[in-house]
Amino acid sequence: MSQVIIYGGAFNPPTVAHHAILRACVVYAETVGAEVWLMPSGSRRDKSIATDIEARLLLVDSLIKDVADAGRVEVCEYEIDTGGLVETRKTHAYLQKAHPDTQFIWVFGSDSIKMLKSWGGGEQLWNELHMLVVPRVGYELAEMPPHTVNLIVDVPVVSSTQVRDAQRTGTDFRHMVTPSVYQHMRKIAPIAS
């Protein structure tokens, strides 16, 4: 059975934090012989994404350019192409049906793990998904889902919102993003929230 690590997120825009996590995913993928699929998310009940899809995909491609051994990384456009609100349980069901001989390993921050059981189908996700968990400060976990591995990574504290704000105000943000993302962002208008 093949393995695919799913690293999803808005990536609006991708930051050095996303880069650190993606690099850690690639290193882990090498140890288990897996691929990594970067999955830009569509809008969710708790988050609407106004940035143009094409612009987001170009930024994701720029992020991948700055990752060593990026040959293991592909972009999965399923969620961004759905056109409606996305939910992890629906994406998981679709991927399992489309790729029945693949074990998917989902990347979540410990903040998401703390809330996972409250999501649609959360109990099932908790018990069934294979996961890599990225520790986040202030979200220490007393309990872990059964199929979980801690992903050891030093994640810089920077958010996409901070990058968008810096871009809008003309503040230097090159330390918040990778070189390829920075070069691409300098060419485009400020990114929507």
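Read-outs: derived from the displayed coordinates by stated rules, not from any lab. Every value quoted in this text rests on a predicted model; they were computed, and no experiment measured them. No Cβ is skipped: glycine too gets one built from the backbone with ideal geometry, and neighbour counts run over all protein chains shown.
Here are some notes:
- In the chain, the DSSP-assigned H stretches of four residues or longer account for a calculated mean residue ellipticity at 222 nm of -11500 deg cm²/dmol, using -39500 (n - 2.57) per stretch and the full residue count as denominator.
- Based on C-alpha pairs under 8 angstrom that are at least 6 apart in sequence, segment 2-187 has a relative contact order of 29 percent.
- Radius, Kirkwood style, for the chain when every pair of distinct Cα atoms is counted (Å): 17.1 Å
- Sites excluded, GluC sites (Glu not before Pro) in DSSP loops with at most 10 other C-beta within 10 Å, longest stretch of the chain: 1-139
- Ranking 107, 179, 94 by Cα position along the charge dipole of the chain, where only Lys, Arg, Asp and Glu carry charges on their C-beta atoms, puts 179 farthest toward the positive end.
- Residue with peak Gaussian network fluctuation, the chain [Cα springs, cutoff 10 Å], from 65, 114, 97: 97
- Computed from backbone phi with θ = phi - 60° and the Karplus coefficients 6.51, -1.76 and 1.60, the 3J(HN,Hα) list for segment 112-122 is 5, 4, 4, 9, 3, 5, 8, 6, x, x, x Hz; x is used for glycine and proline.
- For residue 75, residues with placed amide H under 5 Å, excluding near neighbours: 38
- Angle in degrees between helix 160-169 and the longest Cα principal axis of the chain, rounded to the nearest 10: 10 degrees
- The label point for residue 143 and the one for residue 82, both projected 7 Å from the Cα toward the Cβ, are 2.6 nm apart.
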